[in-house]
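Notes to accompany the following structure.
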Amino acid sequence: MKRVIWRPYWNYEKEEKWLNEMAARGWLFTDYSWCRYVFQEGQEGEFVYRIELLENLPTHPESQKYLHFLEGTGIDCVASYLRWVYLRKKSADGPFDIYTDLESRIAHHRRILKYWRFFTWLELIVGFINLALVIIVWFDEGFLSNNLWMGILLIAFGFMFAAIGAPVKKQLKRWIKEKQIRES
Amino acid sequence: MPESTERGALTEAVFYILLSLFAPMHGYGIMQNVSKLSNGRVILGAGTLYGAINTLLEKGWIRSVINDTDSRKKEYIITEIGKVAVENELSRLQELLRNGNAILGGQML
C-alpha cells in the first residue's frame with residue numbers, strides 16, 4: 001500500500017525524526033518532491049533514515065563518488081531534492097549516523113547555514129530591488145503596487161530563511177566551542 | 001625513511017583508521033574493524049570516514065590498492081609516512097598515559 005503525505009519541513013533534524021517515526025510504524029519513506037512524501041507499507045523499523053546536505057547536486061561526479069561509497073557501506077539514497085539527499089540503512093546492520101565526530105558535524109552544519117544564507121540574501125536583494133523600482137518609477141509613471149507587494153513578500157521570505165538558519169548557527173557555535181576540549 | 005612533518009594529536013577516528021589499514025581494507029571493512037578494535041565504543045559514520053579517507057589520501061598517509069576484481073569496493077592501505085604518523089602518535093599517547101598514571105596512580109588507583 002502507498003501513502004502520500006504533504007507536509008512542510010524547514011528543520012532537517014525534525015524531518016528526519018518524523019521519517020524514522022513513520023518507519024517505526026511500518027511506513028517506509030520512498031520518494032520526495034517539494035513538501036510531498038511518499039511512503040510504502042513495509043516491515044516496522046526495517047530502516048533508519050538520515051538526511052544530508054551534499055556539497056554538490058546529487059548528479060555531480062563528486063556526489064556520485066560519495067553516494068557510491070555510501071552504497072558500499074549499506075546506505076542507499078532513496079530520494080533527493082536540490083542538494084539534499086534522503087539516505088537509509090537497514091536497522092539490522094547496526095547504528096546509523098553519517099557524521100560521528102565534531103569536525104565533520106561542524107562541516108555539515110556550515111554547509112547547511114551557507115545554504116539558508118544564500119536564500120536569505122537572494123530574497124532580500126530581489127525584494128529591495130522591487131522596492132527601489134517602486135520609488136524610482138513613482139514620479140514618472142505612477143505607483144507600482146504589484147512591485148511593492150512583491151518586494152514586501154520577498155523581504156518577509158528573506159527574514160523567514162534567516163530565522164530557519166538561526167538555530168543551525170546556534171548549534172554550530174556550541175559545537176565549535178565544544179571542539180576546543182573534545183573531538184567527538 | 002620518510003619523516004612526517006606533522007606533529008600534534010591525531011583524532012581518534014584517524015588513529016583507528018590508520019591502525020586498520022596495516023592490512024588492506026575497504027570502507028565498510030574499516031568501519032567494522034574500528035568498531036571491533038574499540039569493543040563497539042567507536043562507531044565511525046560513513047560520511048566522517050569518507051572525509052577522513054580523502055584527507056589521508058591527499059596527505060599520502062594511505063593509498064588505494066589497485067584491485068580490478070571489484071571496483072565498487074576500493075581498498076586502501078597505509079603508506080610509510082602514515083606508519084610514521086602512527087608511531088609518533090603512539091609515543092604521544094604513551095607520554096599521556098605515563099603522566100596520567102604517575103599523578104593519579106598514587107591517589108586514586
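Would you kindly derive the ³J(HN,Hα) couplings of the stretch A:102-110 from the backbone phi angles with the Karplus curve 6.51 cos²θ - 1.76 cosθ + 1.60 (θ = phi - 60°), listing them in order in whole Hz, with x for Gly and Pro?
4, 4, 6, 5, 4, 4, 5, 6, 4
Amide H neighbours of A:ALA79 under 5 Å, at least 5 residues apart or on other chains, H built in the peptide plane: list them.
HN-HN under 5 Å from A:ALA79: A:TYR86.
Given a Förster distance of 41 Å, report the FRET efficiency between A:TYR12 and B:ILE77 from their Cβ-Cβ distance, rounded to the nearest 0.05.
Details: r = 36 Å, r/R0 = 0.88.
The calculated FRET efficiency here is 0.70.
Got the relative contact order for the stretch A:64-115 handy, in percent, Cα pairs under 8 Å and 6 or more residues apart? Before the final figure, lay out the partial values.
Working: 27 pairs, mean separation 10.3, N = 52.
Taking the mean separation of contacting Cα pairs over the length of the stretch A:64-115, I get 20 percent.
Over all residues in B:49-56, what is the mean tally of Cβ atoms on other chains that come within 10 Å of each residue's Cβ?
4
Quick one: longest stretch of chain A between exposed loop chymotrypsin sites (Phe, Trp or Tyr not before Pro), exposed meaning at most 11 other C-beta atoms within 10 Å and loop per DSSP?
Details: sites that count: A:TRP34, A:PHE143.
That would be A:35-142.
Residue by residue through the stretch A:63-68, which ³J(HN,Hα) values in whole Hz follow from phi under the Karplus form 6.51 cos²θ - 1.76 cosθ + 1.60 (θ = phi - 60°), with glycine and proline marked x?
Coupling constants for the stretch A:63-68: 5, 4, 4, 5, 5, 5 Hz.
In percent, what relative contact order does chain A have, based on Cα pairs under 8 Å that are 6 or more apart in sequence?
RCO, chain A: 17 percent.
Which semi-axis lengths, in whole Å and largest first, follow from the square roots of five times the eigenvalues of the Cα gyration tensor of the stretch A:52-109?
Equivalent ellipsoid semi-axes, largest first: 18, 16, 10 Å.
Averaged over every viewing direction, what's the projected area of the C-alpha convex hull for the protein assembly as shown? Give it in nm², one decimal, please.
So the mean shadow area of the Cα hull is 23.0 nm².
How high is the relative contact order of the stretch A:102-179, in percent, counting Cα pairs under 8 Å that sit 6 or more residues apart?
47 percent
With label points built 7 Å along Cα→Cβ from the Cα atoms of A:GLU21 and A:GLU178, find their separation and express it in nm.
2.3 nm
Which aspartates and glutamates have a Cα less than 14 Å from the Cα of A:LYS65, not counting those fewer than 8 places away in the same chain?
Filter leaves A:GLU55, A:ASP76.
Please compute the modelled spin-label separation between A:GLN43 and B:ASN99, points set 7 Å along Cα→Cβ, answer in nm with one decimal.
Rounded to a tenth, the inter-label distance reads 5.1 nm.
Over 29 Å between Cα atoms: which of A:LYS173/B:LYS36; A:LYS173/B:LYS73; A:LYS179/B:LYS59 fall into that group?
Checking Cα-Cα distances, A:LYS173/B:LYS36; A:LYS173/B:LYS73 exceed 29 Å.
Amide H of A:ASP31: which non-local residues (sequence gap of 5 or more, or other chain) have their own amide H closer than 5 Å, using H built in the peptide plane?
A:VAL38
Averaged across B:39-45, how many Cβ atoms of other chains sit within 10 Å of each residue's Cβ atom?
That works out to 4 on average.
Would you mind listing how long the stretch A:2-93 runs along its three principal axes, going by Cα atoms, in whole Å with the largest first?
Dimensions of the stretch A:2-93 along the principal axes of its Cα atoms: 35, 30, 21 Å.
Quick note: the coordinates plus some simple rules give every number you see, no bench work behind them. Values in this document were obtained by computation on a predicted structure and should not be read as measured data. Here the Cβ is made from the backbone with ideal geometry for all residues, glycine too, and neighbour counts use every protein chain on show.
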